[in-house]
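Since every read-out is calculated from the coordinates, none of them should be taken as a lab result. Nothing here was measured: the structure is a model prediction, and the numbers come from that model. Cβ sites come from the backbone with ideal geometry, for glycine too, and all protein chains shown count toward neighbours.
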């Protein structure tokens, strides 16, 4: 049975007359064209309204400028009415002599500001006066301030300035001679310096006194400092030497306490030894200056039996020192040697 609609069957569809008028187009296209026209008209109106607003704003700005011009003209007229000469507002004309004088003033060298309080600033001037007349970034010359900085940098060092004098030499009357005494508490030694200052600079340096127990060890440092006038090298080298001296003294005291029941001897400040029967252990800790300004310490450990050195003792002791440190390494070596 065929249930297909007649509209889909070409044999049953109604014939179309050739003279039949076609149906009218839909009205949606005309409505769309009308909407577009109205939208374009609205945009033109908005643009026109914006132009009107801009025109009004420009007119207001023009009126404001005109008012400012009127006020300026009124003020100018009032000043002229009060009697202000007209040539005051006219451009100034310079003749050749005036231009030459102005050019001479412009090219003249400028003079440095004069020092108001003192013409000579040195370490004896108070800190307030020096700061009031200081126009550079160089270190301050005030002795009290510099000594306070030295005391903070080198704790345990007592610094005292014995005397200050100004002498007249071939260099002029500005040669200042100062004597300073430094007491190094850790190393228990002292030295006396003489500084010759010429125009606030070290002209010469001499070590007048030095403790006898460190004179030989500090000889390279003192010679270099006197030759180069380098006080910083001298102070730093002496301070480091005193620090190492104190470390060595504390090591000897610790070893003496650990082996106080045995035959302990100190043949020199740098040598510690312990003997029992035929065996003898010797520890030497030297402090010398190889690379200035810092001192160099070197430790040597020796073992002898009936005054005959035993080989490899130093290597064994160094291995223990690297493992346990100087104090405990030497103590372990001595205890292992004497079976303590």
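Take 280, 212, 126 and order them by how many other Cβ atoms sit within 10 Å, fewest up front.
212, 126, 280
Could you give the nm distance between label points at residue 148 and residue 71, where each point is 7 Å from its Cα heading toward the beta carbon?
So the two model labels end up 6.0 nm from each other.
Could you grab the relative contact order for region 141-242? Cα pairs under 8 Å, six or more apart, rounded to a whole percent.
Once divided by the residue count of region 141-242, the mean separation gives 18 percent.
Using only the alpha-carbon atoms of region 141-242, report the extent along each of the three principal axes, biggest first, to the nearest angstrom.
Rounded to whole Å, the extents work out to 40, 28, 19 Å.
Calculate the all-directions average of the projected area of region 276-340's alpha-carbon convex hull, and give it in nm².
Here the figure is 5.0 nm², rounded to one decimal.
Return a whole-number percent for the relative contact order of region 244-338, with Cα pairs under 8 Å and 6 or more residues apart as the contact set.
Taking the mean separation of contacting Cα pairs over the length of region 244-338, I get 19 percent.
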